[in-house]
Amino acid sequence: MSFTELGLSAPILKAVADQGYETPSPIQAETIPAILDGKDVMAAAQTGTGKTAGFTLPMLELLAKGPRPQANQVRALVLTPTRELAAQVAASVATYSKHLPLRSTVVFGGVKINPQMKALRQGVDVLVATPGRLLDLYNQNAVRFKQLEVLVLDEADRMLDMGFIHDIRKLITFIPKQRQTLMFSATFSKDIRTLAKSMVNNPVEISVSPRNTTVESVDQWVCPVDKAKKSALLTHLIKQNQWHQVLVFTRTKHGANKLTRHLEGKNIKTLAIHGNKSQGARTKALKEFKDGSIQVLVATDIAARGLDIDQLPQVVNFNLPNIPEDYVHRIGRTGRAGASGFAMSLVCADEFAELSDIERLIQQILPRRTEEGYEPIHPLPESRLDRRPPRAKKPKKAKPYNKSAHPRARTAKDAQPRRAEHKDGQRSSDNAQGRPSGNSKKRFSGGQGGNTKSNSRPRFSGSGNR
Ligand code: AMP
(Lines give C-alpha, C1' and ligand atoms only; values in the text may rest on other atoms or scores of the structure.)
Protein backbone atom coordinates (compact mmCIF):
# COMPACT_ATOMS: atom_id res chain seq x y z
CA MET A 1 0.00 0.00 0.00
CA SER A 2 1.21 3.52 -0.74
CA PHE A 3 0.13 6.89 0.66
CA THR A 4 -1.39 7.82 -2.69
CA GLU A 5 -4.04 5.09 -2.29
CA LEU A 6 -5.33 6.56 0.96
CA GLY A 7 -7.25 9.52 -0.43
CA LEU A 8 -4.85 12.27 0.67
CA SER A 9 -4.36 15.31 -1.54
CA ALA A 10 -1.15 16.55 -3.17
CA PRO A 11 0.02 19.06 -0.49
CA ILE A 12 -0.13 16.39 2.21
CA LEU A 13 1.43 13.71 0.00
CA LYS A 14 4.26 16.14 -0.70
CA ALA A 15 4.83 16.78 3.01
CA VAL A 16 4.87 13.02 3.63
CA ALA A 17 7.33 12.51 0.77
CA ASP A 18 9.50 15.35 2.17
CA GLN A 19 9.76 13.31 5.35
CA GLY A 20 10.99 10.34 3.33
CA TYR A 21 8.08 8.09 4.31
CA GLU A 22 7.53 5.43 1.66
CA THR A 23 4.66 3.38 2.98
CA PRO A 24 1.95 4.03 5.55
CA SER A 25 2.50 2.28 8.87
CA PRO A 26 -0.17 -0.31 9.78
CA ILE A 27 -2.02 2.14 12.01
CA GLN A 28 -1.95 4.81 9.32
CA ALA A 29 -3.34 2.38 6.74
CA GLU A 30 -6.34 1.87 9.02
CA THR A 31 -6.95 5.24 10.61
CA ILE A 32 -6.52 7.46 7.56
CA PRO A 33 -9.45 6.07 5.48
CA ALA A 34 -11.71 5.84 8.56
CA ILE A 35 -11.03 9.44 9.61
CA LEU A 36 -11.41 10.74 6.07
CA ASP A 37 -14.75 8.97 6.06
CA GLY A 38 -15.81 11.14 9.00
CA LYS A 39 -15.89 8.25 11.49
CA ASP A 40 -15.05 8.44 15.17
CA VAL A 41 -12.03 6.28 15.93
CA MET A 42 -10.71 4.44 18.97
CA ALA A 43 -7.21 3.24 18.25
CA ALA A 44 -4.95 1.17 20.48
CA ALA A 45 -1.46 2.20 19.48
CA GLN A 46 1.70 3.18 21.27
CA THR A 47 4.30 5.81 20.54
CA GLY A 48 6.48 4.54 17.74
CA THR A 49 3.68 3.14 15.60
CA GLY A 50 3.28 6.31 13.54
CA LYS A 51 0.02 7.18 15.31
CA THR A 52 0.63 10.94 15.19
CA ALA A 53 0.63 11.01 11.40
CA GLY A 54 -2.22 8.48 11.62
CA PHE A 55 -4.55 11.14 12.98
CA THR A 56 -2.81 14.31 11.77
CA LEU A 57 -2.73 13.59 8.04
CA PRO A 58 -6.47 12.90 7.60
CA MET A 59 -7.38 15.66 10.06
CA LEU A 60 -5.44 18.18 7.96
CA GLU A 61 -7.07 16.84 4.83
CA LEU A 62 -10.53 17.46 6.30
CA LEU A 63 -9.58 20.89 7.65
CA ALA A 64 -8.15 22.00 4.31
CA LYS A 65 -11.66 21.72 2.86
CA GLY A 66 -13.60 23.68 5.50
CA PRO A 67 -14.07 27.36 6.38
CA ARG A 68 -11.24 29.36 7.97
CA PRO A 69 -11.31 29.86 11.74
CA GLN A 70 -12.74 33.07 13.17
CA ALA A 71 -11.11 35.04 15.98
CA ASN A 72 -10.22 32.83 18.98
CA GLN A 73 -11.89 29.82 17.38
CA VAL A 74 -10.29 26.40 17.02
CA ARG A 75 -11.27 23.85 14.37
CA ALA A 76 -9.35 20.83 15.61
CA LEU A 77 -8.19 20.27 19.18
CA VAL A 78 -5.53 17.69 20.10
CA LEU A 79 -5.25 17.03 23.83
CA THR A 80 -2.06 15.44 25.16
CA PRO A 81 -1.08 14.52 28.71
CA THR A 82 2.37 16.10 28.78
CA ARG A 83 4.08 19.22 27.57
CA GLU A 84 6.75 17.29 25.71
CA LEU A 85 4.18 15.28 23.82
CA ALA A 86 2.23 18.46 23.02
CA ALA A 87 5.38 20.03 21.57
CA GLN A 88 6.10 16.91 19.54
CA VAL A 89 2.60 16.62 18.14
CA ALA A 90 2.61 20.33 17.29
CA ALA A 91 5.90 19.89 15.46
CA SER A 92 4.35 17.04 13.45
CA VAL A 93 1.27 19.11 12.65
CA ALA A 94 3.53 21.93 11.41
CA THR A 95 5.58 19.49 9.34
CA TYR A 96 2.64 17.78 7.69
CA SER A 97 0.73 21.02 7.04
CA LYS A 98 3.63 22.98 5.61
CA HIS A 99 2.13 23.04 2.10
CA LEU A 100 -1.36 23.93 3.32
CA PRO A 101 -2.78 27.33 4.28
CA LEU A 102 -3.62 26.15 7.81
CA ARG A 103 -2.64 27.75 11.10
CA SER A 104 -1.66 25.69 14.11
CA THR A 105 -0.29 26.38 17.55
CA VAL A 106 0.50 24.67 20.83
CA VAL A 107 -0.32 25.67 24.41
CA PHE A 108 0.88 24.15 27.68
CA GLY A 109 1.66 25.26 31.19
CA GLY A 110 4.96 26.27 32.73
CA VAL A 111 5.50 29.08 30.23
CA LYS A 112 3.96 32.55 29.87
CA ILE A 113 0.32 32.57 28.91
CA ASN A 114 0.31 35.93 27.05
CA PRO A 115 2.07 34.79 23.86
CA GLN A 116 -0.35 31.84 23.74
CA MET A 117 -3.32 34.20 24.04
CA LYS A 118 -1.88 36.25 21.22
CA ALA A 119 -1.37 33.21 19.00
CA LEU A 120 -5.01 32.24 19.51
CA ARG A 121 -6.40 35.68 18.77
CA GLN A 122 -6.66 35.17 15.02
CA GLY A 123 -8.14 31.71 15.49
CA VAL A 124 -6.31 28.48 14.59
CA ASP A 125 -7.12 25.45 12.52
CA VAL A 126 -5.28 23.08 14.87
CA LEU A 127 -4.60 23.60 18.55
CA VAL A 128 -2.45 21.13 20.44
CA ALA A 129 -2.87 21.53 24.19
CA THR A 130 -2.42 20.06 27.63
CA PRO A 131 -5.72 20.14 29.54
CA GLY A 132 -4.87 22.48 32.45
CA ARG A 133 -3.52 25.38 30.39
CA LEU A 134 -6.34 24.98 27.91
CA LEU A 135 -8.89 25.42 30.71
CA ASP A 136 -7.04 28.53 31.85
CA LEU A 137 -7.18 29.96 28.36
CA TYR A 138 -10.84 29.10 28.07
CA ASN A 139 -11.59 30.77 31.38
CA GLN A 140 -9.85 33.90 30.14
CA ASN A 141 -11.90 33.89 26.92
CA ALA A 142 -8.76 33.36 24.84
CA VAL A 143 -10.12 30.28 23.14
CA ARG A 144 -13.56 29.29 21.88
CA PHE A 145 -14.87 26.07 20.38
CA LYS A 146 -17.91 27.14 18.35
CA GLN A 147 -16.18 26.02 15.14
CA LEU A 148 -14.69 22.83 16.57
CA GLU A 149 -14.93 19.93 14.11
CA VAL A 150 -12.37 17.41 15.38
CA LEU A 151 -11.30 16.42 18.89
CA VAL A 152 -8.28 14.14 19.37
CA LEU A 153 -7.29 12.59 22.68
CA ASP A 154 -3.71 11.39 22.41
CA GLU A 155 -2.40 8.90 24.99
CA ALA A 156 -5.76 8.80 26.71
CA ASP A 157 -4.58 6.14 29.16
CA ARG A 158 -1.83 8.40 30.36
CA MET A 159 -4.25 11.28 30.75
CA LEU A 160 -6.32 9.19 33.13
CA ASP A 161 -3.22 7.98 35.00
CA MET A 162 -2.18 11.57 35.47
CA GLY A 163 -5.52 12.58 36.91
CA PHE A 164 -6.79 14.69 34.01
CA ILE A 165 -10.21 13.08 33.92
CA HIS A 166 -11.97 16.04 35.55
CA ASP A 167 -10.31 18.56 33.25
CA ILE A 168 -11.30 16.48 30.24
CA ARG A 169 -14.88 16.07 31.39
CA LYS A 170 -15.11 19.81 31.96
CA LEU A 171 -13.64 20.63 28.56
CA ILE A 172 -16.11 18.32 26.85
CA THR A 173 -18.97 20.42 28.12
CA PHE A 174 -17.61 23.45 26.21
CA ILE A 175 -17.17 21.59 22.94
CA PRO A 176 -19.94 21.06 20.37
CA LYS A 177 -21.54 17.61 20.53
CA GLN A 178 -21.57 17.47 16.77
CA ARG A 179 -17.92 16.69 16.11
CA GLN A 180 -15.55 13.92 15.09
CA THR A 181 -13.70 12.36 18.03
CA LEU A 182 -10.49 10.36 17.75
CA MET A 183 -9.11 8.58 20.77
CA PHE A 184 -5.63 7.08 20.89
CA SER A 185 -4.38 5.03 23.78
CA ALA A 186 -1.56 2.54 24.31
CA THR A 187 -4.04 0.25 26.01
CA PHE A 188 -7.81 0.25 26.42
CA SER A 189 -8.71 -0.50 30.01
CA LYS A 190 -12.20 -0.48 31.47
CA ASP A 191 -11.72 3.12 32.61
CA ILE A 192 -10.72 4.28 29.16
CA ARG A 193 -13.73 2.55 27.69
CA THR A 194 -15.98 4.24 30.23
CA LEU A 195 -14.53 7.61 29.28
CA ALA A 196 -14.82 6.75 25.59
CA LYS A 197 -18.51 5.94 25.95
CA SER A 198 -19.23 9.53 26.90
CA MET A 199 -17.10 10.93 24.11
CA VAL A 200 -17.14 8.86 20.94
CA ASN A 201 -20.03 7.95 18.75
CA ASN A 202 -20.17 4.53 17.11
CA PRO A 203 -16.39 4.41 16.70
CA VAL A 204 -14.29 2.33 14.34
CA GLU A 205 -12.03 0.33 16.63
CA ILE A 206 -8.47 -0.20 15.51
CA SER A 207 -5.66 -2.16 17.07
CA VAL A 208 -2.32 -2.57 15.42
CA SER A 209 -0.42 -4.66 17.86
CA PRO A 210 -1.39 -7.16 20.48
CA ARG A 211 -1.74 -5.25 23.69
CA ASN A 212 1.14 -5.07 26.08
CA THR A 213 3.62 -6.88 23.93
CA THR A 214 7.15 -5.61 23.97
CA VAL A 215 9.10 -5.01 20.83
CA GLU A 216 10.54 -8.18 19.36
CA SER A 217 13.58 -6.45 17.96
CA VAL A 218 14.58 -5.41 21.49
CA ASP A 219 16.95 -7.68 23.28
CA GLN A 220 15.69 -7.66 26.89
CA TRP A 221 17.71 -8.75 29.89
CA VAL A 222 17.39 -8.74 33.63
CA CYS A 223 20.61 -8.27 35.54
CA PRO A 224 20.13 -9.39 39.16
CA VAL A 225 22.09 -7.16 41.55
CA ASP A 226 21.91 -5.84 45.10
CA LYS A 227 20.37 -2.40 45.47
CA ALA A 228 23.57 -0.93 46.93
CA LYS A 229 25.60 -2.09 43.92
CA LYS A 230 23.35 -0.74 41.17
CA SER A 231 25.21 2.53 40.55
CA ALA A 232 28.57 0.78 40.43
CA LEU A 233 27.19 -1.89 38.09
CA LEU A 234 25.72 0.70 35.74
CA THR A 235 29.03 2.58 35.63
CA HIS A 236 30.82 -0.70 34.89
CA LEU A 237 28.36 -1.66 32.12
CA ILE A 238 28.56 1.75 30.44
CA LYS A 239 32.36 1.73 30.47
CA GLN A 240 32.87 -1.90 29.58
CA ASN A 241 30.37 -1.93 26.72
CA GLN A 242 31.21 1.60 25.59
CA TRP A 243 27.56 2.54 25.48
CA HIS A 244 27.55 5.95 23.84
CA GLN A 245 23.87 6.84 24.15
CA VAL A 246 21.90 5.32 26.98
CA LEU A 247 18.55 6.35 28.41
CA VAL A 248 18.32 5.32 32.06
CA PHE A 249 15.01 5.20 33.90
CA THR A 250 14.71 5.83 37.61
CA ARG A 251 11.52 5.76 39.60
CA THR A 252 11.92 9.09 41.35
CA LYS A 253 13.32 12.54 40.69
CA HIS A 254 15.56 12.20 43.72
CA GLY A 255 16.87 8.88 42.37
CA ALA A 256 17.54 10.51 38.99
CA ASN A 257 19.57 13.32 40.59
CA LYS A 258 21.54 10.94 42.80
CA LEU A 259 22.42 8.68 39.90
CA THR A 260 23.36 11.64 37.71
CA ARG A 261 25.78 12.86 40.38
CA HIS A 262 27.28 9.39 40.70
CA LEU A 263 27.85 8.98 36.96
CA GLU A 264 29.24 12.50 36.60
CA GLY A 265 31.64 11.65 39.42
CA LYS A 266 32.86 8.72 37.32
CA ASN A 267 33.48 10.99 34.31
CA ILE A 268 30.42 9.81 32.40
CA LYS A 269 28.67 12.83 30.87
CA THR A 270 25.14 12.67 32.24
CA LEU A 271 22.10 14.89 32.58
CA ALA A 272 18.72 14.28 34.19
CA ILE A 273 15.28 15.09 32.85
CA HIS A 274 12.40 15.36 35.30
CA GLY A 275 9.76 17.69 36.60
CA ASN A 276 11.92 19.67 39.00
CA LYS A 277 14.15 20.77 36.17
CA SER A 278 13.41 24.06 34.50
CA GLN A 279 12.14 23.99 30.98
CA GLY A 280 15.49 25.32 29.76
CA ALA A 281 17.38 22.56 31.55
CA ARG A 282 15.13 19.88 30.12
CA THR A 283 15.36 21.21 26.58
CA LYS A 284 19.14 21.44 26.88
CA ALA A 285 19.43 17.90 28.28
CA LEU A 286 17.37 16.46 25.47
CA LYS A 287 19.27 18.37 22.81
CA GLU A 288 22.66 17.35 24.17
CA PHE A 289 21.56 13.75 24.45
CA LYS A 290 20.38 13.72 20.86
CA ASP A 291 23.48 15.38 19.46
CA GLY A 292 25.78 13.08 21.44
CA SER A 293 27.34 15.72 23.72
CA ILE A 294 26.18 13.71 26.72
CA GLN A 295 26.34 9.97 26.99
CA VAL A 296 23.60 9.27 29.51
CA LEU A 297 20.16 10.79 30.01
CA VAL A 298 18.54 9.82 33.30
CA ALA A 299 14.77 10.19 33.19
CA THR A 300 11.65 9.51 35.19
CA ASP A 301 8.76 7.82 33.41
CA ILE A 302 6.50 10.77 32.89
CA ALA A 303 9.32 13.07 31.82
CA ALA A 304 10.36 10.59 29.15
CA ARG A 305 6.90 9.64 28.04
CA GLY A 306 6.36 10.07 24.32
CA LEU A 307 9.83 11.42 23.64
CA ASP A 308 10.71 10.47 20.13
CA ILE A 309 14.40 9.82 20.18
CA ASP A 310 15.20 8.04 16.99
CA GLN A 311 16.95 4.69 17.02
CA LEU A 312 18.00 4.73 20.63
CA PRO A 313 20.28 1.71 21.01
CA GLN A 314 20.22 1.37 24.78
CA VAL A 315 17.66 1.58 27.56
CA VAL A 316 18.47 0.72 31.17
CA ASN A 317 15.88 0.34 33.90
CA PHE A 318 17.77 1.39 36.99
CA ASN A 319 14.57 0.68 38.93
CA LEU A 320 11.64 -1.32 37.66
CA PRO A 321 8.49 0.76 37.30
CA ASN A 322 5.63 0.28 39.78
CA ILE A 323 3.17 0.15 36.92
CA PRO A 324 4.04 -2.81 34.66
CA GLU A 325 2.68 -1.03 31.56
CA ASP A 326 5.43 1.56 32.03
CA TYR A 327 7.97 -1.18 31.31
CA VAL A 328 6.40 -1.63 27.88
CA HIS A 329 6.49 2.13 27.30
CA ARG A 330 10.11 2.36 28.38
CA ILE A 331 11.21 -0.49 26.15
CA GLY A 332 9.27 1.13 23.32
CA ARG A 333 11.92 3.83 23.06
CA THR A 334 14.45 1.48 21.61
CA GLY A 335 14.34 -0.86 18.65
CA ARG A 336 11.97 1.46 16.80
CA ALA A 337 11.10 1.19 13.17
CA GLY A 338 12.98 -2.06 12.79
CA ALA A 339 16.25 -0.90 14.39
CA SER A 340 17.58 -3.34 16.95
CA GLY A 341 17.70 -2.27 20.57
CA PHE A 342 18.91 -3.49 23.90
CA ALA A 343 17.08 -3.08 27.20
CA MET A 344 18.66 -4.02 30.50
CA SER A 345 16.88 -4.01 33.85
CA LEU A 346 18.96 -3.88 37.02
CA VAL A 347 16.76 -5.79 39.45
CA CYS A 348 17.29 -6.28 43.18
CA ALA A 349 15.50 -8.77 45.43
CA ASP A 350 13.09 -6.05 46.65
CA GLU A 351 11.79 -5.61 43.12
CA PHE A 352 10.73 -9.22 42.57
CA ALA A 353 7.03 -8.34 42.82
CA GLU A 354 7.41 -5.66 40.12
CA LEU A 355 9.36 -8.08 37.93
CA SER A 356 6.64 -10.73 38.31
CA ASP A 357 3.94 -8.21 37.37
CA ILE A 358 5.87 -7.22 34.24
CA GLU A 359 6.43 -10.83 33.21
CA ARG A 360 2.74 -11.54 33.79
CA LEU A 361 1.80 -8.55 31.65
CA ILE A 362 4.09 -9.38 28.74
CA GLN A 363 3.57 -13.13 29.21
CA GLN A 364 7.25 -13.77 29.00
CA ILE A 365 10.00 -14.66 31.47
CA LEU A 366 12.80 -12.18 30.94
CA PRO A 367 16.19 -13.83 30.51
CA ARG A 368 18.73 -13.15 33.26
CA ARG A 369 22.41 -12.43 33.07
CA THR A 370 24.46 -11.88 36.22
CA GLU A 371 27.52 -9.68 35.81
CA GLU A 372 30.73 -11.11 37.22
CA GLY A 373 31.79 -9.26 40.35
CA TYR A 374 28.23 -7.97 40.93
CA GLU A 375 26.53 -11.21 41.97
CA PRO A 376 23.79 -10.34 44.48
CA ILE A 377 24.12 -11.31 48.15
CA HIS A 378 20.32 -11.13 48.39
CA PRO A 379 19.26 -13.45 45.59
CA LEU A 380 16.47 -12.55 43.18
CA PRO A 381 13.88 -15.39 43.39
CA GLU A 382 13.26 -17.47 40.26
CA SER A 383 10.43 -16.24 38.05
CA ARG A 384 7.41 -18.37 37.27
CA LEU A 385 5.12 -17.26 34.49
CA ASP A 386 1.69 -16.35 35.77
CA ARG A 387 -0.76 -17.12 32.97
CA ARG A 388 -3.67 -15.25 34.56
CA PRO A 389 -4.70 -12.00 32.87
CA PRO A 390 -2.76 -8.97 34.07
CA ARG A 391 -4.10 -7.27 37.19
CA ALA A 392 -6.46 -4.38 36.57
CA LYS A 393 -4.72 -1.06 36.98
CA LYS A 394 -6.35 1.47 39.27
CA PRO A 395 -5.85 4.96 37.92
CA LYS A 396 -5.18 7.61 40.49
CA LYS A 397 -8.21 9.76 41.20
CA ALA A 398 -7.61 13.42 40.55
CA LYS A 399 -7.63 15.54 43.67
CA PRO A 400 -10.56 17.95 43.61
CA TYR A 401 -9.23 21.32 42.63
CA ASN A 402 -9.56 23.89 45.35
CA LYS A 403 -8.89 27.27 43.88
CA SER A 404 -9.00 29.13 47.19
CA ALA A 405 -6.40 26.80 48.69
CA HIS A 406 -4.17 26.96 45.60
CA PRO A 407 -4.95 30.25 43.91
CA ARG A 408 -2.18 29.89 41.36
CA ALA A 409 -2.08 26.16 40.99
CA ARG A 410 -3.94 26.06 37.71
CA THR A 411 -1.70 28.40 35.86
CA ALA A 412 1.63 27.31 37.19
CA LYS A 413 1.29 23.57 37.22
CA ASP A 414 -0.58 22.70 34.13
CA ALA A 415 0.09 19.17 33.00
CA GLN A 416 1.72 18.16 36.23
CA PRO A 417 0.91 14.61 37.06
CA ARG A 418 -0.71 14.13 40.40
CA ARG A 419 0.48 10.61 41.01
CA ALA A 420 2.36 10.46 44.27
CA GLU A 421 5.48 8.68 43.05
CA HIS A 422 5.79 10.71 39.85
CA LYS A 423 5.51 14.39 40.39
CA ASP A 424 7.17 15.32 37.18
CA GLY A 425 5.75 18.41 35.60
CA GLN A 426 6.43 18.64 31.92
CA ARG A 427 8.35 21.76 31.18
CA SER A 428 9.99 21.41 27.85
CA SER A 429 8.91 23.06 24.68
CA ASP A 430 11.63 21.55 22.57
CA ASN A 431 10.03 21.35 19.20
CA ALA A 432 12.76 19.37 17.54
CA GLN A 433 12.25 16.30 19.73
CA GLY A 434 14.28 14.12 17.43
CA ARG A 435 11.76 14.08 14.63
CA PRO A 436 13.52 13.05 11.51
CA SER A 437 14.08 16.16 9.49
CA GLY A 438 16.05 14.83 6.58
CA ASN A 439 14.40 13.35 3.58
CA SER A 440 16.12 10.01 3.52
CA LYS A 441 13.68 7.25 2.58
CA LYS A 442 12.00 5.66 5.55
CA ARG A 443 10.25 2.38 5.22
CA PHE A 444 7.93 1.79 8.13
CA SER A 445 8.62 -1.59 9.55
CA GLY A 446 5.88 -1.42 12.05
CA GLY A 447 7.12 0.70 14.89
CA GLN A 448 6.53 -2.25 17.17
CA GLY A 449 9.35 -4.23 15.58
CA GLY A 450 8.21 -7.24 13.64
CA ASN A 451 5.33 -7.60 15.98
CA THR A 452 2.86 -5.14 14.63
CA LYS A 453 -0.18 -6.54 12.99
CA SER A 454 -2.58 -4.74 10.80
CA ASN A 455 -6.06 -6.07 10.60
CA SER A 456 -8.10 -5.44 7.53
CA ARG A 457 -11.23 -5.52 9.69
CA PRO A 458 -10.94 -2.97 12.45
CA ARG A 459 -11.17 -4.58 15.87
CA PHE A 460 -9.89 -4.33 19.37
CA SER A 461 -7.70 -6.98 20.84
CA GLY A 462 -8.25 -8.09 24.39
CA SER A 463 -10.15 -5.11 25.62
CA GLY A 464 -10.66 -4.26 29.23
CA ASN A 465 -8.82 -7.09 30.93
CA ARG A 466 -6.06 -5.35 32.69
P1 AMP B 1 4.70 8.26 16.47
O2 AMP B 1 4.24 6.88 16.80
O3 AMP B 1 3.64 9.09 15.88
O4 AMP B 1 5.39 8.90 17.64
O5 AMP B 1 5.81 8.13 15.29
C6 AMP B 1 7.02 7.46 15.48
C7 AMP B 1 8.06 7.80 14.44
O8 AMP B 1 7.73 7.20 13.18
C9 AMP B 1 8.23 9.30 14.15
O10 AMP B 1 9.61 9.58 14.17
C11 AMP B 1 7.67 9.49 12.75
O12 AMP B 1 8.34 10.52 12.07
C13 AMP B 1 7.93 8.14 12.10
N14 AMP B 1 6.94 7.79 11.07
C15 AMP B 1 5.61 8.03 11.09
N16 AMP B 1 5.01 7.53 10.00
C17 AMP B 1 5.99 6.96 9.24
C18 AMP B 1 6.00 6.25 7.99
N19 AMP B 1 4.88 6.03 7.30
N20 AMP B 1 7.17 5.79 7.53
C21 AMP B 1 8.31 6.00 8.25
N22 AMP B 1 8.38 6.64 9.44
C23 AMP B 1 7.23 7.11 9.94
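The values are calculated or read from the model by the stated rules, or taken from the named source; none is laboratory data. All values reported here derive from a predicted model rather than from experimental measurement. In this analysis, Cβ positions are derived from the backbone assuming ideal geometry, glycine residues included, and neighbour counts consider all displayed protein chains. Side chains are part of the model used for accessible areas, which takes the heavy atoms of the whole protein and leaves out ligands, DNA and RNA. Shrake-Rupley method; radii C 1.70, N 1.55, O 1.52, S 1.80 Å.
Distant-in-sequence amide contacts of Ile273, defined by a placed amide H-H separation under 5 Å and a gap of 5 or more residues or a different chain, comprise Val298, Ala299, Thr300.
About the centre of its Cα atoms, region 116-174 shows a dipole size close to 400 debye [charges on the beta carbon of Lys, Arg (+1) and Asp, Glu (-1) only; nearest 20 debye].
Largest first, how would Ser207, Ser104 line up by accessible area (1.4 Å probe)? Before the final figure, lay out each step's value.
Values: Ser207 5, Ser104 50 Å².
Highest to lowest solvent-accessible surface, that is Ser104, Ser207.
Projecting label points 7 angstrom from Cα along Cα→Cβ for Glu288 and Lys170 puts them 3.8 nm apart. Rolling a 1.4 Å probe over the protein heavy atoms leaves Tyr374 with an accessible area of roughly 40 Å².
Rolling a 1.4 Å probe across all protein chains gives His236 an accessible area of roughly 50 Å².
Around the Cα centre of region 177-287, unit charges on the Cβ atoms of Lys, Arg, Asp and Glu (plus for the first two, minus for the last two) sum to a dipole of about 580 debye.
Under a 1.4 angstrom probe, counting protein chains only, how are Lys170, Lys197 ranked by accessible area, largest first?
On the way: Lys170 105, Lys197 175 Å².
Reading off the accessible areas and sorting them downward yields Lys197, Lys170.
What is the calculated FRET efficiency for Asn202 to Lys118, with r their C-beta to C-beta distance and R₀ = 60 Å, to the nearest 0.05?
Approximately 0.95, to the nearest 0.05.
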